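J.: This is the structure, below, for whatever I ask next.
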Ligand SMILES: Cc1cc2nc3c(=O)[nH]c(=O)nc-3n(C[C@H](O)[C@H](O)[C@H](O)COP(=O)(O)OP(=O)(O)OC[C@H]3O[C@@H](n4cnc5c(N)ncnc54)[C@H](O)[C@@H]3O)c2cc1C
Ligand SMILES: Cc1ncc(C[n+]2csc(CCOP(=O)(O)OP(=O)(O)O)c2C)c(N)n1
Ligand code: SF4
Ligand code: SF4
Ligand SMILES: [Mg+2]
């Protein structure tokens, strides 16, 4: 996607992995590299130190703002993103923003899009957003309807793999073995169970909507390219962004981007794009790592690594999930394997 | 607070969240730092390698060369003959392969010669006169730096040409003379007076002549000898004399088979030179093994490629005409060679001794205060000054490694100390920053980029001509290679910190001005520190 820069001498110093750089063509730099970015969420918000969701939302919405020339409305389901930005009467939003309730953001967004159409403001784009709980559980029906009707909305899910705002309860996006307030690390199979949960990007693909993508706060160029692409298409679109949560995951605040990167590099969170139900592009793993590298720094998986009692069977089961992703999406370069 | 005027359950005034100074949550703060890159730390000439690579990365070769010239007046020479220990220290070596610093340096040096670039003289004339004894790399470097500092410099050189061992030691196939001549001429053109064929015998007389300070860098030119019982031996020469004769076009006939005795860089250069002069058999006899030889591995490898045969673990016991009796040795646990009593015979027409050189200190023994250290080298203090106030020394004649780079570094250091001394003070170099360790980097951000390779002359021509063996880089490759530098420990404006802050608490100050932290909103999460590729941010405890 970003590999063929038009420069004579390739930008080898950091490739295009950094946010910007003086040696990179202006066009190849990210929106985030620009001092003129909209900062959809401004400073002073109440997200925890190192919040991946605050970061992911700014990344996505700033890119969407640039793509729409600022003509954009965002609808937000209840969840951390809404609560930490907007404790009334104060707000961090620097864009047109509207709070729905927990379960109906897709329906409200459909309504906003219809209203704009009625008023002839066809250039105004609509983005809806919510957490994994709001998306995969309580908002699921509304979202499926929005997809099925192919409403002109880009829906973004910020997946931190649990209901964080109310105290880290399990959602249908919580991974197996993870400890949450409702899946304690006790008993013969500590943490969340295997074999349940929903794969929302694939469910979205099953609706045959024009565009589905996964993205990560660890790969900004890729994330911005996907948001920009989504904004260039009409109809129902879905982007699922992986956003680590230091509080809910029991991880160090400085490890947010690192964990997101390890999720991608281990194969646990594949990065891909799909159009009309078919996978069209896959981001290859650059430096493959075992899932252990990703799991070990997180408190929610601590019970897998108890001194002298490492839970190898569970770690291996999670590795098999990563391996299955690698096979399914072809995440590892053939000749590197 | 205004809670009496606010509605129920509302604790803040209406408006932007910016009134909420989340910086108060912080227990640690990110701070921008400049760390010392390991390449710079290692360079014996004290170059700011990262600093000049920075300009080469954007294609500003003139500026890169000027930055290089602040420390080293001979980049074209240096890029060819320096043993580049900087590359052993380079952090990129732990990722894939070290940056080929020397080849970029050579490119910049050649670029400057080609474009006629000249260095500025920064300081106004000081009115002071300094004598430099010896026009080797150390003397030339001192003259250059002293001139830039405003002093009037005269070099007195015993030989017929300037350059020292760069001309009379290092052969042409490694250092073409046009390159050497161009860089020497540029130093002289700055206003340095060079008096050739002028051997200095009396230091005090020079002071009496009116020089305010003297820097001596006469090198080490007395060939070491060894006792070998010889009957009707053929020709025995010493390496340095032979190389000098070759340079002057006065080389003697050597015969078909030549033995070079020794395992240092001089032995390798002599054997390779002998090969080029037409000897069918150029042999090296060395008493220890490859592992212990003082020559660099690449020097031995290049010699062998050219057909030089190295007899490891051998000492010469006796010579009978063309028969050389050599004894096999073994290396003991301390790396010392031990005799085995087993011998064999090699045949040769000429023996060249390459056993190292001593310093000729006779002209200094008369100078009051000057101390001669063990190994016959001259003692200097931390400011490069001998026991005679105002008399400084450097290069091969003082205790240190004997390389062109060390000699050039000594010239610079001596010049700065002479300048301070002449102005009645003491040179006070800036304190060294903490080292930019590999562990400080986040190397995920650097793309895979294999090191560029310098092409070499064909083997046939390497065995028959003195043409330069190693070729230079093209502009494109040089720029590519410069861009492999990771900028260890110093911000290169990649915008990562500006991007990854979840609180928009990093302020971008614009090109060349880097960034600053907005402590009103920085919560101290530390993502910027973790995601800075080059380790230019540090977390520090908050003190209140
Ligand atoms: C064969 C050979 C190959 C080498 N290859 C390399 C290499 O690849 N890389 C590297 O880094 N180093 C190499 N070296 C080492 C390097 O050349 C020396 O360390 C370096 O030249 C020392 O510099 P200098 O200025 O101290 O002395 P020199 O270069 O020896 O210069 C001293 C000068 O002082 C003059 N002089 C001496 N006495 C007097 C006097 N009384 N009055 C006036 N002038 C005087 C001499 O004529 C000479 O010109 C090599 C050495 C040899 C012998
Ligand atoms: C109908 C309803 N049920 C429950 C809640 C309480 N509630 C608010 S946010 C939230 C969890 C949000 O989780 P998620 O959507 O994953 O977002 P996150 O906070 O993790 O970003 C819950 C349960 C609510 N607001 N409305
Ligand atoms: S709980 Fe997690 S998602 Fe919510 S604000 Fe804190 S870090 Fe962000
Ligand atoms: S990568 Fe660059 S700054 Fe770092 S040690 Fe190597 S040359 Fe020096
Ligand atoms: Mg959630």
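Every number here is computed from the coordinates shown, using simple stated rules; none is lab data. None of the values given here were measured: they were computed from a predicted structure. Neighbour counts are summed over all protein chains in view; Cβ atoms, including those assigned to glycine, are modelled from backbone coordinates with ideal geometry.
J.: How big is region B:224-356 along each principal axis, measuring the range of its Cα positions in Å and listing the largest first?
T.: That works out to 44, 36, 25 Å along the principal axes.
J.: Here is a further query. Ranked highest first by the average count of other Cβ atoms within 10 Å around their residues, in what order do B:118-129, B:414-425, B:463-474, A:45-56 fall?
T.: Peptide ranking by packing, descending: A:45-56, B:414-425, B:463-474, B:118-129.
J.: For helix B:239-248, what angle does its Cα long axis make with the longest principal axis of chain B, in degrees from 0 to 90 and rounded to 10?
T.: 90 degrees
J.: Taking only Cα atoms, what is the 0 to 90° angle, nearest 10, from helix B:404-422's long axis to the longest principal axis of chain B?
T.: The helix B:404-422 is inclined about 70 degrees to chain B.
J.: Alpha carbons only, please: Rg and Dmax for region B:149-245, in angstrom.
T.: Looking at region B:149-245, its Cα Rg and Dmax stand at 17.6, 59 Å.
J.: Let me ask another. What ranking do B:270, A:124, A:264 get, fewest neighbouring Cβ atoms within 10 angstrom at the top?
T.: Going from least to most buried by this count: A:124, A:264, B:270.
J.: Something else now. For region B:37-86, what is Rg from Cα atoms divided by 2.2 N^0.38 Å, rounded to two decimals?
T.: Dividing the Cα radius of gyration by 2.2 N^0.38 Å gives 1.05.
J.: Moving to a separate point now. How would you rank A:226, B:172, A:198, going from fewest to most other Cβ atoms within 10 Å of each one's own Cβ?
T.: A:198, B:172, A:226
J.: Just the Cα atoms of the protein assembly as shown: what Rg and Dmax do they give in Å?
T.: Considering the protein assembly as shown through its Cα atoms, Rg and Dmax are 35.2, 115 Å.
J.: How much length is gained if the chain between residue B:420 and residue B:520 is pulled fully straight, taking 0.36 nm per residue apart and subtracting their Cα-Cα distance, in nm to one decimal?
T.: Answer, rounded to one decimal: 31.5 nm.
J.: How high is the relative contact order of region A:30-329, in percent, counting Cα pairs under 8 Å that sit 6 or more residues apart?
T.: It comes to 17 percent, rounded to a whole number.
J.: Over the Cα atoms of region A:30-329, what is the Rg over Rh ratio if Rh follows Kirkwood?
T.: Over the Cα atoms of region A:30-329, Rg/Rh equals 0.96.
J.: If you count the DSSP beta bridges with both ends in the protein assembly as shown, what percent of them are antiparallel, to the nearest 5?
T.: Once the DSSP bridges in the protein assembly as shown are tallied, antiparallel ones form about 40 percent.
J.: Counting only helical runs of four or more DSSP H residues, what would the 222 nm mean residue ellipticity of chain B come to if each run contributes -39,500 (n - 2.57) and the total is spread over all its residues?
T.: Counting only the DSSP helices, I get -8500 deg cm²/dmol.
J.: How would B:452, A:216, A:43 line up from fewest to most surrounding beta-carbon atoms within 10 angstrom?
T.: Taking fewest neighbouring Cβ atoms as first place, the list is B:452, A:43, A:216.
J.: On to the next question. I'd like the antiparallel share, as a percent to the nearest 5, of DSSP beta bridges with both residues in chain A.
T.: Restricted to chain A, the bridges split so that about 30 percent are antiparallel.
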